[in-house]
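Encoded as structure tokens, the structure appears first; notes follow it.
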Amino acid sequence: MTLNLALTPGEPSGVGPDLLIQLAQEKQQQQIIAFADPDMLAERATMLGLPLNLVEVQDDFVSSTPSELAVITVKVAMPVEPGVLNQANAPYVLNCLDAAIASCQEGLCQAMVTGPVQKSIINDAGIKFSGHTEYLAEKTKSDTVVMMLATEELRVALATTHVPLRDVPDAISVELLMPIIDVLYQDLQNKFGIKQPTILVSGLNPHAGEGGHLGHEEINVIAPVIRHYREAGRNIVGPLPADTLFTQKHLMSADAVLVMYHDQGLPVLKYQGFGRAANITLGLPIIRTSVDHGTALDIAGTGCADIGSLHAAIKVAVQMASVKI
């Protein structure tokens with residue numbers, strides 16, 4: 001069965017359009033439908049020196065051929081210059097997301113894959129935006145979503161996402177962790193086909209608190225939560241010191257790792273597989289994956305963008321959409 005995948009290229013002045021155009025040069029097993037401004041894409045393709053034949057999606061839409069890209073039109077407000085951010089185009093980025101979300105909710109597409117966005121310019125335009133994960137949760141009315149990055153060898157989920165480091169300890173609570181573990185466990189089952197997942201959970205503090213000498217979050221919050229799940233028969237392991245958790249001894253039996261904050265786990269994953277990892281939002285009623293990198297404004301329009309992470313995001317989206325529950 002061929003799947004329809006909604007693809008939003010993200011920030012128009014970044015590398016997202018470049019990656020989409022590069023993807024259009026390849027034969028795809030799945031149908032890619034871009035949610036973007038076709039004039040902007042055509043201009044970027046000319047700049048890159050790559051052929052691009054855009055086909056507007058209609059009710060009787062049929063699969064495109066290599067160098068032919070299916071598109072649902074979302075217009076930019078102002079002309080796009082690669083590498084130069086423009087606040088006027090911030091709403092365009094969100095309009096693309098909204099249209100792609102709707103396509104998944106309505107059944108036109110079976111998953112959405114997102115290119116990188118520039119959070120700063122969206123906020124500079126007066127639109128409160130902390131990231132794809134939070135935006136998708138709000139738009140789909142999802143109570144708990146979990147940000148997880150994955151390579152073929154490692155999955156790392158986050159208890160807190162885009163939170164200042166000084167605020168993380170106050171955020172770590174039973175009320176935070178239990179819904180996140182529930183979503184992570186259930187989606188490993190339902191979207192990855194793992195019947196009995198094993199999840200490793202990090203501590204917050206060095207040495208997982210060193211028995212209370214380096215912090216009490218492990219004793220007061222993390223360990224009791226883990227004990228609750230183990231008593232219920234789930235293989236949740238921890239709290240483990242983050243500096244030794246990411247070793248073969250522990251990872252060889254793990255289906256996912258849950259860390260307490262963004263920079264506790266993602267540097268390890270990105271060192272291990274940057275450029276071939278996918279960002280996944282769990283807990284949504286739709287499937288959403290993304291690239292593992294930013295907008296790379298400095299190389300937009302140069303033809304130097306690496307398409308590896310987009311390939312990974314598409315591969316994971318297809319795998320998740322193909323799981324038979």
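The values are calculated or read from the model by the stated rules, or taken from the named source; none is laboratory data. Everything quoted here is computed from the prediction, not taken from an experiment. When we count neighbours, we look across all protein chains shown, and the Cβ atoms used for this are built from the backbone with ideal geometry, even at glycine.
This table checks each residue for (1) outside any strand (DSSP E or B); (2) surrounded by 17 or more Cβ atoms within 10 Å (Cβ to Cβ).
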position	(1), (2)
143	yes, no
147	no, yes
162	yes, no
167	yes, no
175	yes, no
180	yes, yes
184	yes, yes
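Would you mention how many residues in the stretch 106-117 are touching a residue at least 12 places away in the same chain (Cβ under 8 Å) and surrounded by fewer than 22 Cβ atoms within 10 Å (Cβ to Cβ)? Show your work before the answer.
Restricting attention to the stretch 106-117, the residues satisfying the condition of being touching a residue at least 12 places away in the same chain (Cβ under 8 Å) are 108-117.
Filter again for surrounded by fewer than 22 Cβ atoms within 10 Å (Cβ to Cβ), leaving 108.
Matching residues across the stretch 106-117 total 1.
Only one of (1) free of Cβ contacts under 8 Å to residues at least 24 places away in the same chain; (2) touching a Cys at 6+ places or on another chain (Cβ under 6 Å) fails for residue 286. Which number is that?
Just one mismatch for residue 286, condition (1).
Taking residue 71 as the residue in question, decide whether it is surrounded by 19 or more Cβ atoms within 10 Å (Cβ to Cβ), farther than 13 Å from residue 11 by Cβ, in contact (Cβ under 8 Å) with a residue 60 or more places away in the chain and assigned by TED's automatic domain parsing to the domain that holds residue 131. Talk me through it step by step, then tell me what you get.
Numbers: surrounded by 19 or more Cβ atoms within 10 Å (Cβ to Cβ): yes; farther than 13 Å from residue 11 by Cβ: yes; in contact (Cβ under 8 Å) with a residue 60 or more places away in the chain: no; assigned by TED's automatic domain parsing to the domain that holds residue 131: yes.
Taking the combined requirement at face value, the residue does not satisfy it.
Scan the stretch 208-239 for residues that are acidic (Asp, Glu) and either buried (at least 20 other Cβ atoms within 10 Å of the Cβ) or touching a Ser or Thr at 6+ places or on another chain (Cβ under 9 Å) (or both) and jot them down.
Passing the criteria: 217, 218.
If only one of 137, 171 is surrounded by fewer than 21 Cβ atoms within 10 Å (Cβ to Cβ), at pLDDT below 95 and of a type in the set (A, V, I, L, M, F, W, C), which one is it?
137
Somewhere in the stretch 279-300, is a residue among the β-branched types (Val, Ile, Thr) and farther than 27 Å from residue 120 by Cβ?
Looking only at the stretch 279-300, we keep the residues that are among the β-branched types (Val, Ile, Thr), and these are 280-281, 286-287, 289, 291, 295, 299.
Next cut, farther than 27 Å from residue 120 by Cβ only: 287.
Yes, because at least one residue in the stretch 279-300 is among the β-branched types (Val, Ile, Thr) and farther than 27 Å from residue 120 by Cβ.
When residue 77 is evaluated against the numbered criteria (1) in contact (Cβ under 8 Å) with a residue 24 or more places away in the chain; (2) out of contact with any strand residue (DSSP E or B) (no Cβ under 7 Å at 6 or more places or on another chain); (3) assigned by TED's automatic domain parsing to the domain that holds residue 324; (4) part of a loop (DSSP other than H, G, I, E, B), which criterion, by number, is the only one it fails?
Status for residue 77: all satisfied but (1).
Right, residue 113: assigned to a strand (DSSP E or B) and under 19 Å from residue 291 (Cα atoms) or not?
Yes; evaluated as a whole, the condition is true for this residue.
Which residue, of 317, 321, is in a helix (DSSP H, G or I) and either buried (at least 22 other Cβ atoms within 10 Å of the Cβ) or basic (Lys, Arg) (or both)?
The conditions single out 317.
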